[in-house]
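K.L.:
First, the structure itself, so that you have it in front of you.
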Amino acid sequence: MYRTLRGLVLKVLYPFLMLVGAFFKGRKESFQRFVIGLNNRLVRREKPKTKKILLLLPHCLQINECTIRLTHNIYNCERCGRCEIRDLIGIAEENGLNLFVATGGTIARKIVMEARPEAIVAIACERDLSSGLVDTYPIPVLGVSNDRPFGPCFNTSVDLDKVKEAIRFFSAG
Ligand code: SF4
């Protein structure tokens, strides 16, 4: 039942709100945040349990001064600790998760198709997260919005405790 409700939220309510948001541009992000919150609550009610979790990151978590290419292999990271990519690799290793950086919706969809996860913890801005939830339905996804103290797509960060909690939610037996 919760999965069906989630489908209605993502396939009916979300496009409707985005249509309304086209006329009230200032409200669009709050609509997206609302849909992500609703999705997360419904996923938690569904209580899916699996160890086959994909952790999906946006490339803007990588600090701009770092020139290492992470898109095809995040393990190219030298773990210097100047950005949270190091910590996220550590979290993925501790929990045995698949971990990828997505540079956009198309790459994210390709990663999901190849990794075939049973659950996803996705970090992104509200815009990418909400559209990603729609694209990956019915896979249960817990979305964690990134923090953008320097503006969009630049040196963003994420609350690591929220990421760990989302992984625990899916994997705790
Ligand atoms: S932890 Fe260091 S090496 Fe890894 S992506 Fe961040 S800045 Fe680059």
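K.L.:
Students often get this wrong, so check it: of K47/K162; K51/K162; K28/K49, which have C-alpha atoms separated by over 26 Å?
P.N.:
Numbers: K47/K162 17 Å; K51/K162 18 Å; K28/K49 32 Å.
Violating the 26 Å Cα-Cα cut-off are K28/K49.
K.L.:
Let me ask something else. For N98, what residues show an amide H to amide H distance below 5 Å, using hydrogens built from the backbone and excluding near sequence neighbours?
P.N.:
I53, L55
K.L.:
May I pose another question? Could you give the angle, 0 to 90 degrees to the nearest 10, between helix 85-95's Cα long axis and the longest principal axis of the Cα atoms of the chain?
P.N.:
Here the helix axis deviates by roughly 80 degrees.
K.L.:
Along the Cα→Cβ direction, 7 angstrom out, place labels at E78 and I63. What is the inter-label distance in nm?
P.N.:
Using points 7 Å along Cα→Cβ, the separation is 1.2 nm.
K.L.:
Taking amide H positions as placed 1.01 Å from N in the peptide plane, with prolines and chain starts having none, which residues 5 or more places from T156, or on another chain, fall under 5 Å of its amide H?
P.N.:
For T156, whose amide H was placed from the backbone, the distant partners under 5 Å are L61.
K.L.:
Related question: Got the relative contact order for the chain handy, in percent, Cα pairs under 8 Å and 6 or more residues apart? Before the final figure, lay out the partial values.
P.N.:
Numbers: 261 pairs, mean separation 48.7, N = 173.
Relative contact order for the chain comes out at 28 percent.
K.L.:
Then there's this: Angle check, please: helix 126-136 long axis (alpha carbons) against the longest principal axis of the chain (alpha carbons), in degrees 0 to 90, nearest 10.
P.N.:
The helix 126-136 is inclined about 80 degrees to the chain.
K.L.:
Taking the chain as the reference, fit the longest principal axis to its C-alpha atoms, fit the long axis of helix 28-46 to the helix C-alpha atoms, and give the angle between the two in degrees, 0 to 90, nearest 10.
P.N.:
90 degrees
K.L.:
Here's a follow-up. For the chain, with the dipole built from +1 on Lys and Arg beta-carbon atoms and -1 on Asp and Glu ones, taken about the Cα centre, which of I123, L13, Y75 lies farthest toward the positive end?
P.N.:
L13
K.L.:
Quick check of the Kirkwood formula: for the chain, what is the inverse mean of 1/r over all pairs of different Cα atoms, in Å?
P.N.:
On the way: mean 1/r = 0.0610 Å⁻¹.
The Cα-based Kirkwood calculation yields 16.4 Å.
Read-outs: derived from the displayed coordinates by stated rules, not from any lab. For clarity, every value in this text was computed on a predicted model and none was experimentally measured. Quick reminder, even Gly has a Cβ in these numbers, built from the backbone with ideal geometry, and neighbours come from all protein chains shown.
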